[in-house]
1. Within the range 386-421, track down each residue that is part of a loop (DSSP other than H, G, I, E, B) and within 15 Å of residue 77 (Cβ to Cβ).
2. Can you give me the ranges of the helices (runs of 4 or more DSSP H) entirely in the range 50-154 with at least 3 residues that are in contact (Cβ under 8 Å) with a residue 60 or more places away in the chain?
3. Considering only the range 321-332, state which residues are touching a strand residue (DSSP E or B) at 6+ places or on another chain (Cβ under 8 Å) and buried (at least 20 other Cβ atoms within 10 Å of the Cβ).
4. Which number in (1) touching a strand residue (DSSP E or B) at 6+ places or on another chain (Cβ under 9 Å); (2) within 16 Å of the ligand (Cβ to nearest atom) marks the one condition that residue 18 misses?
5. Looking only at the range 162-191, which residues are surrounded by 18 or more Cβ atoms within 10 Å (Cβ to Cβ), part of a helix (DSSP H, G or I) and in contact with a strand residue (DSSP E or B) (Cβ under 9 Å, 6 or more places away or on another chain)?
6. Test residue 59 against the criterion of being over 16 Å from residue 409 (Cα atoms) and modelled with pLDDT of 95 or more, and give yes or no.
7. In the range 74-114, which residue that is surrounded by 15 or more Cβ atoms within 10 Å (Cβ to Cβ), more than 22 Å from residue 238 (Cα to Cα) and within 16 Å of the ligand (Cβ to nearest atom) is nearest to the chain's Cα centre (by Cα)?
Ligand SMILES: [Mg+2]
């Protein structure tokens, strides 16, 4: 097998920079929901020693001192860039496993690329991505997914490879010896400690243990990892993403919320978003769960409740889902608390076509309903928040804080970049 792992460098920061060429070479940080912590950094910000996940107020001084560009996370922008990235990768081979928002495995086995040309091929993929969507990438090429992951990491560490590292026959040992245990795909922190306690420190040490011993003392999963480190492919590419079994939409509020009306708006908005996702994967939901809670850091009164509302029939209709979610909210709401977060979860999902109807109850998702939902989704696809139910509210004072949000360059006509041609 020949597997390439393509991974964007500092993806969120790179997405912001594409539309802000003035920030080339400048440090950039991205904040978490509600602008709380630093969740992504450009290479320059990493070099300044800014840690991952630290609260932004702790970095205030260094941000001022080095004139670091700060952005709220703009997930609609990152999502749109991710789609572009993946479709470009699919133009190279249909065998693409989208592994995360900015990472994909490509199976190059059947492309009949001359073995001596694989690195060139990787460079071609990299140049195309840079040219078509402006994203800097790193690519690791090897005979298994686990090795490709390590190779990718190696490419990021060693600039002399210009973003593409291919594990050539005979070079496996060099790579494995250079990689600490914690970098091995599938070896988490807990497992790393356990293996370190046994005296192992590098990927090479792990690869040297006989797979049978690993299976006996650990798991079949780690055994597969060890086999993969030794160049034996054991983990297949997952070419079609499995449909989600649950869809969750929950957020923290920008400020504490006290009244039922605000909570209703929030629950209504989250349900709208969740049902959009539900329709995207062509599923229906049979149960909806609603939850509200105060902040664990607040000292004056803690309250957290959730409600499961079974629906008589599975549905993908936003209106029915909202009506039921609000019923659940009413049942659990208690006045007098300072609510910090709320959310909904759609459960018991099934494929839309497998729904059973009977003679006695009104059918939920009629052709008319489906057409209405399709139309709403099509409008909202083109215009951000183009059409929504009044119950979502218009002011939405509770909405999470995103004071440094970049424009929706790719999803709002009013935000599209203007280019002056003289
Ligand atoms: Mg990445």
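The values are calculated or read from the model by the stated rules, or taken from the named source; none is laboratory data. If you're wondering where the values come from, they're calculated on a predicted model, not measured in any experiment. Cβ atoms come from the backbone with ideal geometry, glycine included; neighbour counts cover every protein chain shown.
1. Hits for the range 386-421 are 402, 404, 405, 406, 407, 408, 409, 410, 411, 412, 416, 417.
2. Output list reads 75-90, 118-133.
3. If the condition is that a residue be touching a strand residue (DSSP E or B) at 6+ places or on another chain (Cβ under 8 Å) and buried (at least 20 other Cβ atoms within 10 Å of the Cβ), then 321, 324, 325, 328, 329 are the ones that fit.
4. Evaluating residue 18 over (1) touching a strand residue (DSSP E or B) at 6+ places or on another chain (Cβ under 9 Å); (2) within 16 Å of the ligand (Cβ to nearest atom) leaves (1) as the failure.
5. 172, 175, 176, 181
6. For residue 59, the condition - over 16 Å from residue 409 (Cα atoms) and modelled with pLDDT of 95 or more - is not met.
7. 78
Here's the yes/no breakdown for (1) in the same structural domain as residue 379 (by TED's automatic domain parsing); (2) touching a residue at least 40 places away in the same chain (Cβ under 8 Å); (3) outside any loop (DSSP other than H, G, I, E, B):
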position	(1), (2), (3)
286	yes, yes, yes
291	yes, yes, yes
299	yes, no, no
302	yes, no, no
324	yes, no, yes
